[in-house]
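The values are calculated or read from the model by the stated rules, or taken from the named source; none is laboratory data. Everything numeric in this text was worked out from a predicted model, so none of it was measured. As a convention, Cβ positions derive from the backbone with ideal geometry for all residues, glycine included, and neighbour counts pool all protein chains shown. Side chains are part of the model used for accessible areas, which takes the heavy atoms of the whole protein and leaves out ligands, DNA and RNA. Shrake-Rupley method; radii C 1.70, N 1.55, O 1.52, S 1.80 Å.
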Amino acid sequence: MSFITACWNPLGDAFYWRTEVYDMSWSIRDALRDGLVVAAPYGGPIAVLSSPQRRSPSSRPQLDIYSASGVSISSFPWKSGPVVQLGWTVSDELLCVQEDGSVLIYDLFGSFKRHFSMGQEVVQSQVLEAKVFHSPYGTGVAIVTGSSRFTLATNIEELKLRRLPEVPGLQGKPSCWVVLSQDRQTKVLLSTGPELFILDNTSCTAVCPPGLSPQAGSVIHMAASISYKYLSVFTDSGRLWTGTSNLQEKLSEVDTKRTATPTQMVWCRRPQSQQPSVVLLWDRLLMVVGSCGDTIQFPVENPCVLVGELDSVRIISSTNQEFLQEVPLVCQDIFKIASMAPGALLLEAHREYEKSSQKADEYLREIKEQKMLGEAVRQCVEAAGHEFDTDTQKSLMRAASFGKCFLTDFSPDHFVNTCRELRVLNAVRDPAVGMPLTHTQFKQLTLQVLIDRLVYRRFYPLAIEICRYLKIPDYQGVSRVLKHWASCKVQQKDLSDEAIAQAVCVKVGDSPGVSYSDIAAKAYECGRPELAIKLLDFEARSGEQVPLLLKMKRSQLALSKAVESGDTDLVYTVVTHLKNEMNRGDFFMTLRNQPVALSLYRQFCKLQELDTLKDLYNQDDDHQELANYYITASYREKRLEGRLSLLQSAVDEYNKAKNEFAAKVTEDEMKLLRFQRKLDDEKGAGLQGLSLQATMEALLLLGLHKQAEQLYKDFRVPDKRYWWLKLRCLAEKEEWDELEKFSRSKKSPIGYLPFVEVCMKSNNKFEARKYVSKVMLEQKVKAHLTVGDLEGAADAAIERRNDAEMGVVLSRCSASDRLLIDRLNRARAAIAKK
Amino acid sequence: MAQRRDSPELPDFFLLKRLARDQLIYLLEQLPGKKDLFIEADLMSPLDRIANVSTLKEHEVDKLYKVEHKPIVSTSDQLCFLIRPRIQTVKWICDVANADKAAGKFRRYKIIFTPQKFYACEAVLEEQGIYGDVTTDEWPFYLLPLDDDIISLELPEFFRDNFLAGNQRWVRTVGSALHLLHSLYGPFCKVYGIGRCSKMAYESWRNQIEEEEQKPRKAEIGNVFLIDRDVDYVTPLCSQVVYEGLVDDVFRIKCGCVEFGPDVTSSDKSLKVMLNSQDKVFSEIRNEHFSNVFGFLSQKARNLQIAYDKRRGMDIKQMKAFVSEELKGLKQEHRLLSLHIGACESIMKKKTKQDFQELLKTEHSLLEGFEIRECISYMEEHISRQVSMIESLRLLCLLSITENGLLPKDYRSLKTQYLQSYGVDHLLTFSNLRQLGLLVEQQTGETLTVMESKVGKLVNDRTAGKLTDAFSSLAKKSNFRALSRKLNLVPKSDEEYDLRVPRDMAYIFSGAYIPLSCKLIEQVLERDGWTGLEEVSRLLNGHEFAVSGSNRADSRTKTDAQRVILVMFLGGCTFSEISALRFLGREKGYKFIVVTTAITNSSRLMEALLGNQV
């Protein structure tokens, strides 16, 4: 273990270590010196554009994209204009800023996504320099043009170009500049040589770093820290000034004793940094300058590129990639030679324990005496998190686990989580994946984003594995990955529709939260409608299929899917869509094959578009419904002529529908209407619109018996009904003589009991009695009872020798009718004997 | 009628009301400031059960109006409309808004659709050019508890829309209602059902569950039975003779509330009375056959008198206790008792006459299939005497459905009589009834074969629409007689039936008929599915299902919840059916909860099918 400290370099009271993470698997040589090389932070991909300035069409520059470990992801010849700058967005997209101010966006696999422009005027003046920067608002682009003007876009996702004010006295490009994001504002700090200016939205202010020695000279290089909180300034006299980027405070000023402009200058610090530093790179020298004034110098053999990270600097050369970072305090405590920190003792104790030496106990006891065992475990776990070397990780975790055994109430969460996270980190650090993330970066990046990045890189199995391992809920985890996978899968041109659909179905199955219609939409976007339809078949919720099908102009299919979904609103949406899209005939034909949609549309038409309804029936040759339609319409029509003509249409349609009955009835109605009209005109009877029965009733009540009689004959009204009607009307008008005449006109088809009853209803006992004698034998008892003639009823009942009827009469007798009761009882007894 | 001691507890449906009220208040608060509220006429009573006027006023509702499809007089600059998703109403709102526009008046409009909005309504708004001027919202007020065991969706139009117009727009609403019940009182253990619409509603509900996570809960409702109204038209077409049903037939119970006229209250005022289990008198007689009710009430009156009489011979202290504790209850009971006695008298006046007896006799003959000719002449006379438009129609339907159609001669003559009496526009009514298979002409053997050959031809013609029409008219064949035999719906008439001590559900129809719908439910629950009922379901045109739910684990042990059964009638149910189910529950130790799209009876059923209305 002692060799761990071998690569530690003291800087002030802290240490810096430099460790190799990858042997780069690429084979590039000059590109690092001549080309444009940009690596994304957080172990992101590297883009290399060889000789960007070469303009001859015969040899186009080549754009290569590599993983951080140098594995080629894609490579293609650059066919567009000259590129000034490359940069990576937060979602792993490559920005290529061209000389004419247009910015092209490519994905990791070299496929063009979209482009935008940095302004019309740039086309003329050309971009001199560009910088891609990251802020809490997203990825931004800043350019300086040939007319010495700066233009900013803070977030390329919501493109808003800001042209910054002019800088007094600036010709061409400034000697150096940086973008700063402060106080929710994006500013540019630039040096014209002797002077420094801050450019914000509205103003250009001359500034001076506080405490910068007057003899320092002009500023030729500047760098801001990742958080934009700190700034370092390098002058032509070789002095390095560091301070806060708001230029309020000075941290240090160091003389590097080199006057050449460094090729790169990058901040190297970490959260809770003890000794932040600035790393400067010249052709043959790498210098780490601490704020205490100390420096570490490394000779450089190969051309290399520095990538500033949250907690470190990556040094990428053509052969390997190294990490340069301040040794975290906890690692110092544990690994510093002769350290007595609890973590160091615990590690030692465990080592002794493995050797089965009793010294383990001594060490342990020592930690316990200081009551520091919990702290020791925590230190080991934390230090393991910072380690890249898996063996060191293991020995630290084992020591922690060993220490944990002697603690009773120690929460295992920290230990368990770190174990899990280390496994994930080790997996993504693997050169095949190539994401050299530190634990600190991982925490900052969050797991969600890490999974997204794996998905962008199409490491689907690994992403799924991680989701499952960390037990992320399906909606955010596996399903999300599968969705991306499927969307990517449908773009594979070399596979048949059938094969892709099958593959997608097998993998995705019915994972929650994966929408087949989304995948299908993607397929349709890629120009594979057949595949889209196949995929839609897997969609369980038929409602989801409809919008896409409509977009794909598969209206018929959309309609049947909508019907299947049982959601009438959806059906209706499709119907409306079809109505606008198709000609009427086709539209009706389509509806005919979908009864559900048809009835829905019919009901709508009944309320909104009556004429369409008629057309619908016409198209179907549905004469019955058409006739019904005319009948309905006739009731809406107030004028008699209109009404008659509508009814005539109804008659015609009924005839066509072979519904002779309805035709006849409708004809009768027309006859009746004409009759009513005639009488209304003649007598002002107000009959219009009444039913036959009501008409007759009205006529009878008006005393127009002859006319009523005529209707009765013309319309062949059954005798019974007519008799009932006339009977009631006469009684109502109390025309008793007329009633009597009527009763004698012929034998009543309804018998004479009703006569008795209507009279009694008008409380006319006298009239009622007249008819009692005429009542049939069977009803005589009832008739007598109706008029309240108990004796008559008793007589009739006894005459008929009907026991039940006698019973009824008896039940109506009151106590005073002694004689009658006796008589009835005797008669009953007599019947009973027989 | 005593409860079985082991019968389970009913879940508390107060929650549904509170939920609906909170949602409404939330929606009202979305339109801050004073506003006038326009309420659709048939939403007035349901709304009253959820939130009273003072609650509305608390949330800055200024004036309340009924939607009357007339120009409005409101002066408020904010108008809120609480309506059913009906095109006519939306059109009216458009007219209101456009009139304001023309008058240069600026107002804010908000439409709250309940229980949901339909695309068609929004299309109308768009078409009328006021889509941008109104905000729309949905008040998911699906379920109104009318009583401890009755929940209504208060959607009477469901029946006509779904069964006549073939518009399935309410199916999803029913699915959502079921979903709500499931999420509050489920998970359901088993779902049975019969009917096309039931099946669709069930599927709609399943889809809604799939979209969300399931939390394990303790179920309060175990099983569910869904049934389409068109499975059994016979039962709602019969006259009701159980007290609650009879009150509904005579006075029309609206949203659990009935208005008794002066003839009942024996004063000059009408009185609105809530009819539910809170009414101690009503709750004891609601399920009784009417012939028992009067006796029961007089017994009750005597008891009440005895209770009052206790006063005599009390000392001051006892009297004080009596006044403070008992008197109020007694007075209350007294009031209710006199109301129900009044109602009874009124019913007796209307119903105990010879006519009603003959009507019942005719119905019973039809159900038994005896003396059909006499029944037909009775109906002829019924029309001749112009007794009642709706009643005649109902009898015709009952005849057709029990006899599997009318003979062509009778069909024509009865129809002519009817049309002459009540107007030719009833051609449309008959057309509707024919479409539903409620009133049809008997198909002779010959016409059937003609039909079949026609169908054969149609297949070649590929006119699918007509084909389905042809098949559906074949399928609409009523098989009442066969079903009645299979399920033993009509008890043997030679035995005396003591209505005081009912022995089966037939008591609700004076012992003449066991309601088909309830018998089906009984059979399916008994068999735990449709096995053994294959023939029956075939006669009912299929669409039966029985699905076990997610919590299959405890289906073996009969928990309390599993004896709580939710029966959902799609297209309405009658009070008689509810009474029958209550009886069944008492017999078998179940508790039934009836959920229905609306309470119906024969008149409402017929009125819904009248022609010449949209």
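The listed residues B:Arg385, A:Arg365, A:Arg284, A:Arg314, once ranked by accessible area (1.4 Å probe) with the largest placed first, stand as A:Arg284, A:Arg365, B:Arg385, A:Arg314.
For the protein assembly as shown, taking Cα atoms only, Rg and Dmax work out to 46.1, 152 Å respectively. The residue among A:Ser125, A:Gln98, A:Ser111 whose Cα reaches farthest toward the positive pole of the charge dipole of region A:85-130, with charges on the beta-carbon of Lys, Arg, Asp and Glu, is A:Ser111.
If you take every DSSP beta bridge fully contained in the protein assembly as shown, what fraction is antiparallel? Give it as a percent rounded to 5. About 75 percent, rounded to the nearest 5. The angle between the Cα long axis of helix A:542-551 and the longest principal axis of the Cα atoms of chain A comes to about 70 degrees, rounded to the nearest 10.
The base-10 log of I(q)/I(0) for region B:315-384, evaluated at q = 0.22, 0.26 Å⁻¹, reads -0.92, -1.05 [Debye formula, identical scatterers on Cα atoms, solvent excluded].
Helical runs assigned H by DSSP (4 residues or longer) give the protein assembly as shown a calculated mean residue ellipticity at 222 nm of -14500 deg cm²/dmol, each run adding -39500 (n - 2.57) before division by the residue total. At the residue level, B:Arg169 shows approximately 50 square angstrom of accessible surface with a 1.4 angstrom probe and all protein chains present. Compute the acute angle (0 to 90°) between the alpha-carbon long axis of helix A:640-656 and the principal axis of greatest extent of the alpha-carbon atoms of chain A; round to the nearest 10°. Rounded to the nearest ten degrees, it is 80. Peptide B:429-441 has a mean of 1 when you count, residue by residue, the C-beta atoms of other protein chains within 10 Å of its C-beta.
The heavy atoms of B:Ser346 present about 10 square angstrom of accessible area, all protein chains included, probe 1.4 Å. Across region B:40-153, C-alpha contacts under 8 Å between residues 6 or more apart give a mean separation that, scaled by the residue count, equals a relative contact order of 24 percent.
Across the options B:Tyr26, B:Phe480, B:Thr136, the greatest Cα extent toward the positive end of the charge dipole of chain B (unit charges at beta carbon of Lys, Arg, Asp, Glu) belongs to B:Tyr26. Taking the square roots of 5 times each eigenvalue of the Cα gyration tensor of chain B, largest first, gives ellipsoid semi-axes of 37, 36, 28 Å. In terms of the mean number of neighbouring beta-carbon atoms within 10 Å, the peptides B:255-263, B:230-238 order highest first as B:230-238, B:255-263. Counting Cβ atoms of other protein chains within 10 Å of each residue's Cβ and taking the mean over peptide A:597-608 gives 4.
Considering only beta bridges that DSSP places wholly inside chain B, some 25 percent are antiparallel. In the context of the full protein assembly, A:Asp737 retains an accessible surface of approximately 120 Å², using a probe radius of 1.4 Å and ignoring ligands and nucleic acids.
For the set B:Thr531, B:Thr402, A:Thr244, solvent exposure ranked by accessible area (probe 1.4 Å, protein chains only) runs largest to smallest as B:Thr531, A:Thr244, B:Thr402. Accessible surface ranking for B:Glu154, B:Glu325, B:Glu535, 1.4 angstrom probe, highest first: B:Glu325, B:Glu535, B:Glu154.
Packing, as the average of other Cβ atoms within 10 Å across residues, places the peptides B:419-426, A:154-161 in the order B:419-426, A:154-161, highest first. Ranking A:Ser312, A:Met372, A:Phe388 by Cα position along the charge dipole of region A:306-391, where only Lys, Arg, Asp and Glu carry charges on their C-beta atoms, puts A:Met372 farthest toward the positive end. By the scheme Lys and Arg +1, Asp and Glu -1, what is the net charge of all other residues having a beta-carbon under 12 Å from that of A:Leu161? The answer is +2. Label region B:80-216 by shape, choosing from rounded, prolate and oblate, from the square roots a ≥ b ≥ c of the eigenvalues of the Cα gyration tensor; if a/c is under 1.5 it is rounded, and otherwise prolate applies when a/b is larger than b/c, oblate when it is not. It comes out prolate by the Cα gyration axes. Helix A:390-404 axis versus longest C-alpha principal axis of chain A: approximately 70°, rounded to the nearest ten. Rounded to the nearest 20, the Cβ-based charge dipole of region B:42-107 about its Cα centre (Lys and Arg +1, Asp and Glu -1) stands at 220 debye.
Computed with a 1.4 Å probe over protein heavy atoms only, the accessible surface of chain A comes to 46 Å² per residue. Averaged over the residues of B:169-178, the number of partner chain Cβ atoms lying within 10 Å of the residue Cβ comes to 2. The charge dipole of chain B, taken about its Cα centre with unit charges on the Cβ atoms of Lys, Arg (+1), Asp and Glu (-1) only, comes to about 660 debye.
Its Cα centre serving as origin, region A:153-229 has a Cβ charge dipole (Lys and Arg +1, Asp and Glu -1) of approximately 60 debye. For the residue pairs A:Lys443/A:Lys471; B:Lys57/B:Lys91; B:Lys486/B:Lys519; A:Lys733/B:Lys350; A:Lys741/B:Lys349; A:Lys747/B:Lys361, the alpha carbons lie more than 22 Å apart in B:Lys57/B:Lys91; A:Lys733/B:Lys350; A:Lys741/B:Lys349; A:Lys747/B:Lys361.
The amide H of B:Glu220, built 1.01 Å from its N in the peptide plane, has B:Gly186 as neighbours under 5 Å, considering only residues 5 or more places off or on other chains. Rounded to whole numbers, the Karplus 3J(HN,Hα) couplings from phi for region B:301-311 are 4, 4, 4, 5, 4, 4, 4, 5, 5, 3, 3 Hz, using 6.51 cos²θ - 1.76 cosθ + 1.60 with θ = phi - 60°, and x at Gly and Pro.
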